[in-house]
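**Student:** Handing you this structure, nothing more for now.
The values are calculated or read from the model by the stated rules, or taken from the named source; none is laboratory data. What you see is a predicted model, and the numbers here were worked out from it, not measured in a lab. In this analysis, Cβ positions are derived from the backbone assuming ideal geometry, glycine residues included, and neighbour counts consider all displayed protein chains. Note: areas computed on protein heavy atoms with side chains; ligands, DNA, RNA excluded. Shrake-Rupley method; radii C 1.70, N 1.55, O 1.52, S 1.80 Å.
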Amino acid sequence: MAKLRIHNTLEKKKEDFIPVDPNHVRMYTCGPTVYNYAHIGNARPAVISDLLVRVLRCIYPKVTYASNITDIDDKIINASIETKTPIDEITSKFERIYNEDMASLGVQAPDIQPHATDFIDEMIGLIQMMIDKNAAYESEGHVLFDVTSYSSYGKLSGRDLEDQIAGSRVEVASYKKNAGDFVLWKPSVDNQPGWESPWGFGRPGWHLECSVMSEKSLGLPFDIHGGGMDLIFPHHENEIAQSCGAHGEDKDPKIFSRYWIHNAMLNMNGEKMSKSLGNIFYIRDFLDKQPGEVLRLALISGHYRQPLNWTDDTIEQARIILDKLYRSLKKTDDIKVDIDSFDNESSTVLNALCDDLNTSKAIAEIIEIAKNLSKANSDDLKKKFKKELLFSANLMGILQESPDVWLGIGKADDNLDSDNIEKLIQERNEARAAKDFQKADDIRSQLNEMGIEIEDTADGTVWSSK
RNA sequence: GGCGUCGUGGCCAAGUGGUAAGGCAGAGGUCUGCAAAAUCUCCAUCACCAGUUCGAAUCUGGUCGACGCCUCCA
């Protein structure tokens, strides 16, 4: 069986992946706060997680993947005030858009997609458990987590509490016992949304929801927890502390999640993506110009733990590679294969992905397979390589279109007349047969001006719109 | 101030102790009336310096440079 190795942030090294239960692997990835359009940076963890889930499904009989929707948060409240739109209108709209955008990137829907607001009771319950075990305390209407109650605090992020406090730029709130304590529950005032709780009307702190939803969705301990590197501290560190605190564990973070994977950030032309720089790239805008698969391949063109610099070139190169793969597939349109009969063990792509998601290597391998397919000179070989190509593509979540559609073959825009195109091609071929190459070339340039490219193949002339 | 990451050919990007994958671009060849596609060949000693080693892009120390987190953030 293929062996998966992944880099575990908790141990800061690449490890063999050993599931809690080999018959049922469970994974959680922090999902979006739905208050705006999803940008390209939001897509990276989703695509990487999706890829890992696909690999896991290849190896293990059952995989449950949960990823949440955060639908209560100060950012949402602010967006609601700014746009004078009810909160649930904002959250339902942007959740729908997020899911649509991810789908177009080939991200399979999570098995479970819990909403924070559906777990308020459970969050209150978890806080109560922390209070009962002296891991949390109430103060000035807030409930706070006491970081001194958890001895491994800082293990995930490699931080030392004392150092943090010394260099901190944030003033310590009056209601905190320790500077590092963080909010579990905070009061809601005026028109802020909230729920009744033993500590008054309020709402949960940011980190609490993921502790609750991951546990309720998957049970503890589960196998893998993912997210962006910027979440390591404080979000994930605090999730661990809360879950351990609630369950009376004061040391071992692995009673929560065994492995933690984190993707590096994405830069826009070398700069951090941020509102102030005005370089936020929304997936929506991109999808108007390029198919989702291009974006997906571009996102996995580099290793997930390396920063990815997003430029026009990144996109262009992904497009070129996909065109090449689709062309090799097009060449063997007539060959029918049964992918299910493919032997996973021999997959070079699966092997590459099993090595901590070495996507660059996987891409190199799939190009190699396509090359083999193009060169194949017998039906047996064509079958063999096509099967391997399709299996690999499915694993990577690409080549889901039909080659004809992708390459624009025989497809005219509304303002193009395909009958006319066919007629011109026929005329050109007659000219070619009569060795009137001047006329043939004239017709080609005429078609070119119409935005039509033609290609003479062994099976006749194929045209596609640019 | 603390923690951490990175620096591989013109560009993108793997490799992390045994002599530099892959893609793009470029050069040349095959095929084609031409073109396109396909295919073949060629194209780097791994920021710098000093060590460890039979052997280093890969380990250690230092220098320079880029960047992230510590505050909402994927």
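Yes/no matrix, rows are residues, columns are (1) at pLDDT 95 or above; (2) polar (S, T, N, Q); (3) farther than 27 Å from A:Met396 by Cβ:
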residue: A:Lys14; (1), (2), (3): no, no, no
residue: A:Arg57; (1), (2), (3): yes, no, no
residue: A:Thr64; (1), (2), (3): yes, yes, no
residue: A:Ile76; (1), (2), (3): no, no, yes
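**Student:** Considering only segment A:314-328, state which residues are open to solvent by 10 Å² or more (accessible area, probe 1.4 Å) and either farther than 19 Å from A:Val47 by Cβ or not in a helix (DSSP H, G or I) (or both).
**Tutor:** Keep residues of segment A:314-328 that are open to solvent by 10 Å² or more (accessible area, probe 1.4 Å), which gives A:314-317, A:319-321, A:323-324, A:327.
Passing the criteria: A:Ile320, A:Asp323, A:Lys324, A:Arg327.
**Student:** Within segment A:272-290, is there a residue that is modelled with pLDDT under 95, within 7 Å of RNA strand B (Cβ to nearest atom) and open to solvent by 50 Å² or more (accessible area, probe 1.4 Å)?
**Tutor:** Yes, segment A:272-290 contains at least one residue that is modelled with pLDDT under 95, within 7 Å of RNA strand B (Cβ to nearest atom) and open to solvent by 50 Å² or more (accessible area, probe 1.4 Å).
**Student:** So, in segment A:300-313, exactly how many residues are without any contact (Cβ under 8 Å) to a residue 40 or more places away in the chain and either within 6 Å of RNA strand B (Cβ to nearest atom) or hydrophobic (A, V, I, L, M, F, W, C) (or both)? Full working, then the answer.
**Tutor:** So the first thing to find is which residues in segment A:300-313 are without any contact (Cβ under 8 Å) to a residue 40 or more places away in the chain, and the list is A:312-313.
The next check asks that each one be either within 6 Å of RNA strand B (Cβ to nearest atom) or hydrophobic (A, V, I, L, M, F, W, C) (or both); those that pass are A:313.
Count: 1.
**Student:** Answer yes or no as to whether A:Asp380 is at pLDDT below 90, more than 21 Å from A:Leu350 (Cβ to Cβ), acidic (Asp, Glu) and open to solvent by 60 Å² or more (accessible area, probe 1.4 Å). Full working, then the answer.
**Tutor:** On the way: at pLDDT below 90: no; more than 21 Å from A:Leu350 (Cβ to Cβ): yes; acidic (Asp, Glu): yes; open to solvent by 60 Å² or more (accessible area, probe 1.4 Å): yes.
When the stated conditions are applied, A:Asp380 does not pass them.
**Student:** Tell me which residues, restricted to segment A:353-376, are surrounded by fewer than 22 Cβ atoms within 10 Å (Cβ to Cβ), of a type in the set (S, T, N, Q) and in a helix (DSSP H, G or I).
**Tutor:** Answer for segment A:353-376, where residues must be surrounded by fewer than 22 Cβ atoms within 10 Å (Cβ to Cβ), of a type in the set (S, T, N, Q) and in a helix (DSSP H, G or I): A:Ser360, A:Asn372, A:Ser374.
**Student:** Could you list, in sequence order, the residues of segment A:441-450 that are near RNA strand B (Cβ under 7 Å from one of its atoms) and more than 14 Å from A:Glu422 (Cα to Cα)? Talk me through it step by step, then tell me what you get.
**Tutor:** Initially, segment A:441-450 is screened for residues near RNA strand B (Cβ under 7 Å from one of its atoms), giving A:441, A:444.
Across segment A:441-450, the qualifying residue is only A:Asp441.
**Student:** Next up: Considering only residues that are assigned to a helix (DSSP H, G or I) and surrounded by fewer than 16 Cβ atoms within 10 Å (Cβ to Cβ), look in segment A:430-440 and name the one that is nearest to RNA strand B (Cβ to nearest atom).
**Tutor:** Here is the first cut: in segment A:430-440, the ones assigned to a helix (DSSP H, G or I) are A:430-433, A:437-440.
Filter once more, so that each one left must be surrounded by fewer than 16 Cβ atoms within 10 Å (Cβ to Cβ): A:430, A:433, A:437-439.
Details: A:Glu430: 11, A:Ala433: 10, A:Phe437: 3, A:Gln438: 7, A:Lys439: 9 Å.
Checked segment A:430-440; the qualifying residue nearest to RNA strand B (Cβ to nearest atom) is A:Phe437.
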